[in-house]
Structures are given as C-alpha cells and as structure tokens.
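Visitor: Mind looking over this structure? Questions follow.
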Amino acid sequence: RITILPVLTLEGIITYDLIPGPVNSERFLQFLRELIPLTNPYPGPRSILVMDNCSIHHSEEVRKLVEEEAREYY
C-alpha cells in the first residue's frame with residue numbers, strides 16, 4: 001500500500017510524495033516543511049492551503065508550522 005501526498009494548484013500538480021503505508025503526523029509535518037517554500041503571500045498564487053478533515057491536519061503542530069515557518073519566507 002502506498003500513500004500519495006500531492007500539492008494541487010490551478011496549474012496542476014506541482015509536487016507530490018509517495019510514502020509506503022499510511023502517513024503519520026510526523027511525516028505530514030515533514031511534507032508541509034517541504035511545501036511552505038513553494039507558497040506565496042496572500043493574495044498571490046499558491047497562497048491558500050486547503051486540507052481535508054483528516055485528524056493529522058488538525059494538530060497544534062500543523063497550525064504552528066504553517067503560521068510560524070511561513071513568516072520566515074515573507
């Protein structure tokens with residue numbers, strides 16, 4: 001079994017990761033760290049991050065990562 005973590009934009013898939021087995025919180029955070037440099041400040045392209053209702057998307061670590069690390073790039 002393989003899990004795919006794609007990053008979809010209006011232009012299509014810009015990157016993805018293939019992971020054997022399920023994705024845990026630690027691996028998802030690693031993927032987000034790799035994703036943030038590909039984003040831009042709002043309202044530019046690639047400025048909105050949308051995640052579904054998966055429990056690993058709702059952790060405090062994910063919120064902090066997105067809020068704090070994204071600031072380093074802007």
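The values are calculated or read from the model by the stated rules, or taken from the named source; none is laboratory data. Quantities reported herein were computed from a predicted structural model and do not represent experimental measurements. With ideal geometry, Cβ positions are generated from the backbone for all residues, glycine too; neighbour counts draw on all protein chains shown. Heavy atoms of the whole protein, side chains included, go into the accessibility calculation; ligands, DNA and RNA do not. Shrake-Rupley method; radii C 1.70, N 1.55, O 1.52, S 1.80 Å.
Visitor: Select from segment 25-40 the residues that are more than 15 Å from Val7 (Cβ to Cβ) and exposed (fewer than 11 other Cβ atoms within 10 Å of the Cβ) and list them in ascending order.
Guide: The one that is more than 15 Å from Val7 (Cβ to Cβ) and exposed (fewer than 11 other Cβ atoms within 10 Å of the Cβ): Glu26.
Visitor: Against the conditions (1) open to solvent by 40 Å² or more (accessible area, probe 1.4 Å); (2) touching a Leu at 6+ places or on another chain (Cβ under 9 Å); (3) of a type in the set (A, V, I, L, M), where does Ile48 fall short? Just the number, please.
Guide: The single condition Ile48 does not satisfy is (2).
Yes or no, residue by residue, for (1) at pLDDT below 90; (2) hydroxyl-bearing (Ser, Thr, Tyr):
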position: Ile2; (1), (2): no, no
position: Tyr16; (1), (2): no, yes
position: Arg27; (1), (2): no, no
position: Phe31; (1), (2): no, no
position: Ile36; (1), (2): yes, no
position: Tyr42; (1), (2): yes, yes
position: Arg46; (1), (2): yes, no
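Visitor: Working only within segment 58-74, note down all residues that are outside any helix (DSSP H, G or I) and of a type in the set (Asp, Glu).
Guide: Across segment 58-74, there are no qualifying residues.
Visitor: Something else now. Please go through segment 9-57 and give me each residue that is of a type in the set (Lys, Arg) and not in a loop (DSSP other than H, G, I, E, B), ordered by number.
Guide: Arg27, Arg33
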